[in-house]
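K.L.:
Submitted below is the structure of interest, expressed as structure tokens.
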Amino acid sequence: MKKIKITLVKSPIDRPERQKLTLRALGLNKMNATKEVEATPQILGMVRKMNHLVKVEIVKG
């Protein structure tokens with residue numbers, strides 16, 4: 001399965017609680033935090049909902 005690297009680039013301050021919880025579920029709790037995860041449909045759905053706050057890169061390998 002493909003891996004993606006997710007980086008939090010905008011602050012979740014003044015965002016709805018649901019978006020904050022989604023970021024926490026992705027493992028992003030600080031600015032510029034980066035997490036490498038498997039590209040499952042569940043993760044891709046969370047990333048699509050948070051696309052205005054995160055940067056996504058495909059990991060070669």
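The values are calculated or read from the model by the stated rules, or taken from the named source; none is laboratory data. Not measured: the values here are computed from a predicted model. In this analysis, Cβ positions are derived from the backbone assuming ideal geometry, glycine residues included, and neighbour counts consider all displayed protein chains.
K.L.:
Search the range 1-26 for residues being polar (S, T, N, Q) and closer than 13 Å to K49 by Cα, and hand back the single one that is surrounded by the most Cβ atoms within 10 Å (Cβ to Cβ).
P.N.:
Only one residue fits best here, namely T22.
K.L.:
I'd like to verify a number: residues in the range 1-10 that are modelled with pLDDT of 95 or more and farther than 15 Å from G45 by Cα, how many?
P.N.:
4
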